[in-house]
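Peer 1: Shown below is the structure under consideration.
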Amino acid sequence: MNKETFDQAITFHESVTIPIEMKDSIDRLLKRGVYKELHRRKMLSDGQLDMLLSYHDMIGDSADEK
């Protein structure tokens with residue numbers, strides 16, 4: 001975790017607090033899962049899935065470096 005964002009957190013339902021970086025990581029994982037489910041249901045082609053995942057990886061890597 002970056003020192004700048006270590007103290008930043010999001011609180012859910014007044015009792016659950018998670019760091020922003022963890023929330024961002026969860027968001028990325030959920031998006032990947034949605035892409036894969038759409039592919040499984042034949043709503044995305046192999047090429048579309050590959051494009052989305054590679055774009056998602058590129059964006060996720062650059063967000064982690066901040």
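The values are calculated or read from the model by the stated rules, or taken from the named source; none is laboratory data. Quantities reported herein were computed from a predicted structural model and do not represent experimental measurements. Please note: Cβ atoms are built from the backbone with ideal geometry, for glycine as well, and neighbour counts cover all protein chains shown. Surface areas here come from the heavy atoms of the whole protein model, side chains and all, with no ligands, DNA or RNA. Shrake-Rupley method; radii C 1.70, N 1.55, O 1.52, S 1.80 Å.
Per-residue answers, yes or no, for (1) in contact with an Asp or Glu (Cβ under 7 Å, 6 or more places away or on another chain); (2) over 20 Å from M58 (Cβ atoms); (3) touching a residue at least 12 places away in the same chain (Cβ under 8 Å); (4) outside any strand (DSSP E or B):
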{"site": "I10", "(1), (2), (3), (4)": "no, yes, yes, no"}
{"site": "E14", "(1), (2), (3), (4)": "no, yes, no, yes"}
{"site": "I18", "(1), (2), (3), (4)": "no, yes, no, no"}
{"site": "S25", "(1), (2), (3), (4)": "no, no, no, yes"}
{"site": "K31", "(1), (2), (3), (4)": "no, no, yes, yes"}
{"site": "V34", "(1), (2), (3), (4)": "no, no, no, yes"}
{"site": "L38", "(1), (2), (3), (4)": "no, no, no, yes"}
{"site": "L44", "(1), (2), (3), (4)": "no, no, no, yes"}
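Peer 1: Looking at segment 1-32, which of its residues are of a type outside the set (K, R) and at pLDDT 85 or above?
Peer 2: Answer for segment 1-32, where residues must be of a type outside the set (K, R) and at pLDDT 85 or above: T17, I18, P19, I20, E21, M22, D24, S25, I26, D27, L29, L30.
Peer 1: Are any residues in segment 33-66 open to solvent by less than 80 Å² (accessible area, probe 1.4 Å), at pLDDT 95 or above and not aliphatic (A, V, I, L, M), and if so, which ones?
Peer 2: Hits for segment 33-66 are G33, Y35, E37, H39, S45, G47.
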